[in-house]
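Notes for the one structure printed next.
The values are calculated or read from the model by the stated rules, or taken from the named source; none is laboratory data. Here the structure is a predicted model, which is why all the values come from computation and not from measurement. Here the Cβ is made from the backbone with ideal geometry for all residues, glycine too, and neighbour counts use every protein chain on show. With ligands, DNA and RNA removed, areas are computed over all heavy atoms of the protein, side chains included. Shrake-Rupley method; radii C 1.70, N 1.55, O 1.52, S 1.80 Å.
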Amino acid sequence: MSVKDKQKLNLSILPGISYNPATSVSVGVASSLSWYNGDPKTTTNSSIYAGVTYTLKNQLKVSVLSNIFANNNKYVLAGEFRFWKYIQNTYGLGTGSPDTAQDMKFNFFKFNEMVLRKVMKYTYLGLGYDLTYYNNIETINDNESAISPNFNNTYSKQNGIDSISYLASGLLITAIVDSRDNTTNPYKGVYGLIQYRTMNKVLGSTSNYQDLIFQFKNYQSLNKHDTYILATWFEGVTALNGTVPYMILPSNGWDKYNATGRGYVQGRFRGRDWMYFEIENRITLTRNRFLGMVIFANAMTASDPDSDVKLFQYVKPAYGIGLRILFDKDSRTNLCIDYGRGLDGSSGIFLNLGEWF
């Protein structure tokens with residue numbers, strides 16, 4: 001296949017009905033766009049994911065995620081845009097928190113854009129900007145009446161933050177190592193990220209704080225046909241100083257791709273410091289790669305200084321199995337249908353267009 005052929009756009013569109021423990025039944029459309037801006041031998045495939053979803057819980061989600069690689073990977077543009085009108089359970093802070101849920105209603109807006117420059121093979125350095133905004137935050141009971149005190153306003157009052165609306169606005173300094181052979185569904189390579197974030201009132205942030213984000217993903221093909229892939233993923237957020245508003249604290253299912261923590265409802269574990277690990281066996285079942293399966297296990301831990309809960313004091317594991325249906329051969333896009341199970345009877349069906357990591 002010529003370079004010109006490889007540069008064509010590969011578009012996958014998936015309308016339909018799905019289910020997720022955080023959203024119940026939802027209807028919507030998800031699309032994935034993939035292409036090359038240069039020779040595939042020296043240029044990673046660019047991709048854009050966009051989705052619009054409406055759920056039986058009256059949640060509206062509009063999300064656009066992008067990773068764009070210039071010719072020969074000289075520059076990378078990584079972006080994230082979201083607008084959600086959302087309802088979600090929250091359980092307090094730390095992985096030792098009891099299984100007592102409170103419903104939160106809120107509007108959520110996020111804009112994140114990074115520009116990275118290739119400085120050596122597979123290595124990129126860059127700057128970015130992040131804006132995360134929550135407003136009209138309300139904790140409600142089954143009759144949709146406000147309840148107080150609640151997890152959000154108790155934490156906010158202790159830290160001198162308005163519990164109805166808060167905003168984080170600041171600069172990002174990022175270093176990335178990326179040797180993956182494909183960004184949608186890698187067969188081999190590594191991805192590593194270290195990001196320093198500084199949120200400041202000068203830029204409109206509700207509070208001043210600094211934190212550090214780190215990720216590492218490894219993909220290893222265990223045979224010459226790339227039909228058995230061992231994938232591992234480690235991610236963490238650690239606070240350096242300052243006060244992070246309650247909903248902006250790291251939590252499972254609130255990473256860029258809403259992928260962490262299959263086996264638990266989104267937002268089940270939240271904390272000032274948060275770490276996550278996952279391992280997944282990806283097995284191709286048919287010669288034409290149309291069908292595949294995965295077996296996965298993960299674990300997470302989160303701290304809560306106010307309750308003196310330390311990181312790794314409580315670790316919450318989960319495991320599961322999933323089906324893969326090839327949706328677009330050129331971009332390697334799969335339809336993912338997974339069942340995950342955690343502790344205390346936690347379980348759910350999780351659907352995605354493209355691999356979870």
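Residue by residue through the range 77-135, note down the ones that are of a type in the set (D, E) and within 21 Å of Y54 (Cβ to Cβ). Can you show your working first?
In the first step, residues of the range 77-135 are kept if they are of a type in the set (D, E); the result is 80, 99, 103, 113, 130.
Passing the criteria: E80, D103.
Going by the conditions given, is D99 surrounded by fewer than 20 Cβ atoms within 10 Å (Cβ to Cβ), touching a residue at least 60 places away in the same chain (Cβ under 8 Å) and outside any strand (DSSP E or B)?
Against the criterion (surrounded by fewer than 20 Cβ atoms within 10 Å (Cβ to Cβ), touching a residue at least 60 places away in the same chain (Cβ under 8 Å) and outside any strand (DSSP E or B)), D99 qualifies.
Working carefully through the options Y49, Y86, Y54, find the one that is more than 22 Å from N185 (Cα to Cα), assigned to a strand (DSSP E or B) and within 18 Å of the chain's Cα centre (by Cα).
Numbers: Y49 fails: more than 22 Å from N185 (Cα to Cα); Y54 fails: within 18 Å of the chain's Cα centre (by Cα).
Y86 is the lone residue from the list that is more than 22 Å from N185 (Cα to Cα), assigned to a strand (DSSP E or B) and within 18 Å of the chain's Cα centre (by Cα).
In the range 300-342, how many residues are under 16 Å from R270 (Cα atoms), of a type outside the set (V, I, T) and open to solvent by 30 Å² or more (accessible area, probe 1.4 Å)?
So the count comes out to 11.
Can you name the residue in the range 32-45 that is open to solvent by less than 40 Å² (accessible area, probe 1.4 Å) and free of Cβ contacts under 8 Å to residues at least 40 places away in the same chain and is also nearest to Y86 (Cα to Cα) among such residues? Quick ask: steps written out before the conclusion?
The initial filter retains those residues of the range 32-45 that are open to solvent by less than 40 Å² (accessible area, probe 1.4 Å), namely 32, 34-36, 38, 43-45.
Now restrict to residues that are free of Cβ contacts under 8 Å to residues at least 40 places away in the same chain: 35-36, 38, 43.
On the way: W35: 32, Y36: 35, G38: 39, T43: 38 Å.
Among residues in the range 32-45 that are open to solvent by less than 40 Å² (accessible area, probe 1.4 Å) and free of Cβ contacts under 8 Å to residues at least 40 places away in the same chain, the one nearest to Y86 (Cα to Cα) is W35.
What's the number of the only condition in (1) open to solvent by less than 30 Å² (accessible area, probe 1.4 Å); (2) at negative phi; (3) touching a Phe, Trp or Tyr at 6+ places or on another chain (Cβ under 7 Å); (4) at pLDDT 95 or above that Y124 fails to meet?
Only one criterion in (1) open to solvent by less than 30 Å² (accessible area, probe 1.4 Å); (2) at negative phi; (3) touching a Phe, Trp or Tyr at 6+ places or on another chain (Cβ under 7 Å); (4) at pLDDT 95 or above is unmet by Y124, namely (3).
Looking at this structure, is I173 in contact (Cβ under 8 Å) with a residue 40 or more places away in the chain, out of contact with any His (no Cβ under 6 Å at 6 or more places or on another chain) and β-branched (V, I, T)? Talk me through it step by step, then tell me what you get.
Working: in contact (Cβ under 8 Å) with a residue 40 or more places away in the chain: yes; out of contact with any His (no Cβ under 6 Å at 6 or more places or on another chain): yes; β-branched (V, I, T): yes.
In short, yes.
Name the residues in the range 174-216 that are charged (D, E, K, R) and either at pLDDT below 95 or within 20 Å of the chain's Cα centre (by Cα) (or both), would you? Full working, then the answer.
Taking the range 174-216 first, the residues charged (D, E, K, R) are 178, 180-181, 188, 197, 201, 211.
Residues satisfying the conditions are D178, R180, D181, R197, D211.
I need a count of the residues in the range 139-171 that are out of contact with any Phe, Trp or Tyr (no Cβ under 7 Å at 6 or more places or on another chain), assigned to a strand (DSSP E or B) and of a type outside the set (V, I, T).
Matching residues across the range 139-171 total 4.
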